Amino acid sequence: VLRGLHGDSKTWKLISCIYGEILEIIVDYRPDSKTYLKWEKFTLNDINNRQILIPPNFVNGFLVLSEIAVFHYKLAYEGEYFDTDKQFVVKWSDSRLNIPWPISNPILQDRDK
């Protein structure tokens, strides 16, 4: 399963994988940034116990690498939550990013296709 790249302009996200293993991709989506559309990848699992804090205006997505994974997502924001209608989505296979996902035909939600 691959969850596509998404984010918004006000939400901080703290991400971890408490069971199994995921590949987490973080992309700078701030148009005025010198690192705009640059990405980093991280392996999160129940052995390394890594957590990643993602600031607003970055998009993130993940690929489940294990048979089963439990993904933990904690959100912090002011005011009302930005639901999907105010989030930005970048296609997981966007050629501008050239992310080397280790899969060619993932299981995707309709929103991520």
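Numbers at a glance
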quantity: Where a residue in segment 36-48 is free of Cβ contacts under 8 Å to residues at least 12 places away in the same chain and its partner, wherever it lies, is outside any strand (DSSP E or B), with Cβ under 8 Å and at least six apart; calculated: Tyr36/Tyr29; Tyr36/Arg30
quantity: Conditions (1) of a type outside the set (Val, Ile, Thr); (2) surrounded by 13 or more Cβ atoms within 10 Å (Cβ to Cβ); (3) assigned to a strand (DSSP E or B); number of the one not met by Leu37; calculated: (3)
quantity: Some residue of segment 73-91 being modelled with pLDDT of 95 or more and closer than 14 Å to Ile22 by Cβ; calculated: no
quantity: Segment 57-90 - residue that is closer than 17 Å to Leu108 by Cα and assigned to a loop (DSSP other than H, G, I, E, B) and, of those, most open to solvent (accessible area, probe 1.4 Å); calculated: Glu67
quantity: Scope segment 1-15; condition aliphatic (A, V, I, L, M) and either open to solvent by 50 Å² or more (accessible area, probe 1.4 Å) or free of Cβ contacts under 8 Å to residues at least 12 places away in the same chain (or both); matching residues; calculated: Val1, Leu14
quantity: Single unsatisfied condition, Arg96 versus (1) open to solvent by less than 80 Å² (accessible area, probe 1.4 Å); (2) part of a loop (DSSP other than H, G, I, E, B); calculated: (1)
quantity: Exclusive hit being at pLDDT 95 or above, open to solvent by 80 Å² or more (accessible area, probe 1.4 Å) and among the β-branched types (Val, Ile, Thr), set Ile25, Ile18; calculated: Ile18
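The values are calculated or read from the model by the stated rules, or taken from the named source; none is laboratory data. Quick caveat, the model's predicted, so the values are computed rather than measured. Reconstructed Cβ throughout: ideal geometry from the backbone, glycine too, with neighbour counts over all protein chains shown. Surface areas here come from the heavy atoms of the whole protein model, side chains and all, with no ligands, DNA or RNA. Shrake-Rupley method; radii C 1.70, N 1.55, O 1.52, S 1.80 Å.
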